[in-house]
1. Counting only residues that are within 18 Å of the chain's Cα centre (by Cα), free of Cβ contacts under 8 Å to residues at least 60 places away in the same chain and under 18 Å from Asp185 (Cα atoms), how many does the stretch 67-95 have?
2. Have a look at Leu183, Leu123, Leu140 and point out the one that is within 16 Å of ligand 2 (Cβ to nearest atom), among the aliphatic types (A, V, I, L, M) and either in contact with a Leu (Cβ under 8 Å, 6 or more places away or on another chain) or not assigned by TED's automatic domain parsing to the domain that holds Asp205 (or both).
3. Do we find that Val28 is modelled with pLDDT of 95 or more, within 16 Å of ligand 2 (Cβ to nearest atom) and more than 16 Å from Val233 (Cα to Cα) in this structure?
4. Scan the stretch 203-217 and report the pairs whose first residue is assigned by TED's automatic domain parsing to the domain that holds Ile52 and whose second residue is outside any strand (DSSP E or B) and among the acidic types (Asp, Glu), with Cβ atoms within less than 6 Å and a gap of 6+ or a chain change.
5. Among the residues of the stretch 23-33, write down those that are more than 27 Å from Leu206 (Cβ to Cβ), within 13 Å of ligand 1 (Cβ to nearest atom) and in contact (Cβ under 8 Å) with a residue 40 or more places away in the chain.
6. Scan the stretch 151-169 and tell me whether some residue there is among the polar types (S, T, N, Q), under 26 Å from Gln219 (Cα atoms), assigned to a helix (DSSP H, G or I) and under 19 Å from the mean Cα position of the chain (by Cα).
7. Of Val106, Val143, which residue is within 16 Å of ligand 1 (Cβ to nearest atom) and either in contact (Cβ under 8 Å) with a residue 40 or more places away in the chain or in contact with a helix residue (DSSP H, G or I) (Cβ under 6 Å, 6 or more places away or on another chain) (or both)?
8. Mind checking which strands (runs of 3 or more DSSP E) fall wholly inside the stretch 34-88 and carry at least 1 residues that are within 14 Å of ligand 1 (Cβ to nearest atom) and farther than 30 Å from Val208 by Cβ?
Amino acid sequence: MTQPALAKPTAAPAVAPDAILALNNIEVVYDHVILVLKGVSLHVPRGGIVAILGANGAGKTTTLKAISNLLRAERGDVTKGSVVFEGSAVQALSPDALVKRGCIQVMEGRHCFGHLSIEENLLTGAFTRRDGAAAIRADLERVYGYFPRLKERRAAMAGYTSGGEQQMCAIGRALMSRPKLILLDEPSMGLAPQIVEEIFAIVQDLNVREQVSFLLAEQNTHMALKYAGYGYVLENGRVVLDGAAAELTANEDVKEFYLGLAEGGRKSFRDGKHYKRRKRWLT
Ligand SMILES: Nc1ncnc2c1ncn2[C@@H]1O[C@H](COP(=O)(O)OP(=O)(O)O)[C@@H](O)[C@H]1O
Ligand SMILES: [Mg+2]
C-alpha cells in the first residue's frame with residue numbers, strides 16, 4: 001500500500017490557482033516579421049502587485065498591450081501562447097470587452113484629453129458602464145477620495161495640469177471602469193521622485209482597500225520593488241529572472257544592473273559580463 005500523497009511534497013502548479021491573470025508562453029510579432037516577445041510567461045495573483053522590470057526596449061509595453069489587446073492598433077499580433085484573465089482565454093476579446101470584464105490598461109505617457117477638464121477626463125473612464133449616473137457620480141467621489149489633488153483641480157483643463165496630476169488623472173480615469181486588474185505602464189516616467197512616491201502610495205492604497213490587482217511596467221526598479229510583491233525582469237523579450245520583491249532587491253545582478261548599486265558605479269546593461277550572468281539566470 002502506498003501512503004496518500006500527503007507525505008510527499010507535490011510539484012507546485014505552473015500557475016497558482018488564485019491568479020487573476022496568467023500569460024503562458026506569449027510570443028508577439030510586429031508587422032508580421034519583427035519578433036519582440038519570445039515566450040513570456042507570468043502571473044498576477046488576485047489582489048497582488050506584480051512588476052515587470054527592464055530597460056527601455058525590453059518589451060514591457062508590448063507585454064501589457066498583448067494582455068489588453070491594444071497590440072492590433074500597432075500592427076502587432078500574439079502569435080503563440082495564451083492570455084488567461086479570471087480563468088478564461090481573452091485574446092479574442094476587444095479592448096472594450098476586456099475593460100467590461102475588469103482589465104484595463106493605463107498607457108505610458110499618461111494619456112489624458114488635454115482640452116477636457118480633469119473631471120470630464122475621469123467621466124470618460126465610465127464609458128463602458130451601464131449602471132447609471134448616480135453610481136458613476138459615487139465612483140467619481142471615490143476617486144477624489146484617493147486623489148484629493150484631482151478634486152482640487154477638477155475644473156482645470158487637463159492639458160494645463162502638472163505631469164503628476166495627469167498621471168493621477170489617467171489612473172483615476174481607469175478606476176472609473178471599476179477594474180479588478182490595472183495594467184500600469186511606467187507611471188514614474190518623467191516625474192519627480194516625491195510625486196512618484198505619492199502615486200505609488202495611492203496604488204498601494206487602492207490595492208489594499210479596493211482589492212485592485214496591478215501589473216506594473218517600470219524602469220524604475222527601486223520604486224517598483226518597494227511596492228510590488230513580485231517581479232519579473234524582462235530583457236530582449238524574455239523573462240531572465242523572477243522572484244519575490246525582497247529576493248530581487250537582494251539579488252546581486254539586479255543590484256548591479258537595475259539598481260545601480262554595483263561597487264565602482266553603475267554598469268551598462270550591454271556590458272559583456274551581463275550576458276554571462278544572464279546564462280546563470282537561465283539555468
Ligand atoms: N509598433 C511597433 N512596431 C515595431 N516594433 C515595435 C513596435 N512597438 C515596439 N516595438 C519594438 O519592440 C521592442 C519592445 O518595445 P516595448 O515593448 O515598447 O519596450 P519597453 O516598453 O520595455 O520599452 C523594441 O525593440 C521596440 O522597438
Ligand atoms: Mg514601454
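1. 4
2. Numbers: Leu123 fails: within 16 Å of ligand 2 (Cβ to nearest atom); Leu140 fails: within 16 Å of ligand 2 (Cβ to nearest atom).
Exactly one of Leu183, Leu123, Leu140 is within 16 Å of ligand 2 (Cβ to nearest atom), among the aliphatic types (A, V, I, L, M) and either in contact with a Leu (Cβ under 8 Å, 6 or more places away or on another chain) or not assigned by TED's automatic domain parsing to the domain that holds Asp205 (or both), namely Leu183.
3. On the way: modelled with pLDDT of 95 or more: yes; within 16 Å of ligand 2 (Cβ to nearest atom): yes; more than 16 Å from Val233 (Cα to Cα): yes.
So Val28 fits the description; yes.
4. Ala217/Glu186
5. Glu27, Val28, Val29, Tyr30, Asp31, His32
6. Taking the stretch 151-169 as the starting set, the residues that turn out to be among the polar types (S, T, N, Q) are 161-162, 166-167.
When the remaining residues are screened for being under 26 Å from Gln219 (Cα atoms), the result is 161-162, 166-167.
Keeping just the survivors that are assigned to a helix (DSSP H, G or I) gives 166-167.
If we keep only those that are under 19 Å from the mean Cα position of the chain (by Cα) too, we end up with 166-167.
Taking every residue of the stretch 151-169 in turn, at least one turns out to be among the polar types (S, T, N, Q), under 26 Å from Gln219 (Cα atoms), assigned to a helix (DSSP H, G or I) and under 19 Å from the mean Cα position of the chain (by Cα).
7. On the way: Val143 fails: within 16 Å of ligand 1 (Cβ to nearest atom).
Going through Val106, Val143 in turn, the sole match is Val106.
8. Working: elements: 34-45, 49-53, 76-85.
Correct list: 34-45, 76-85.
The values are calculated or read from the model by the stated rules, or taken from the named source; none is laboratory data. As the structure is a prediction and not an experimental result, all values here were calculated from the model. Here Cβ is always computed from backbone atoms with ideal geometry, including for glycine, and neighbour counts include all displayed protein chains.
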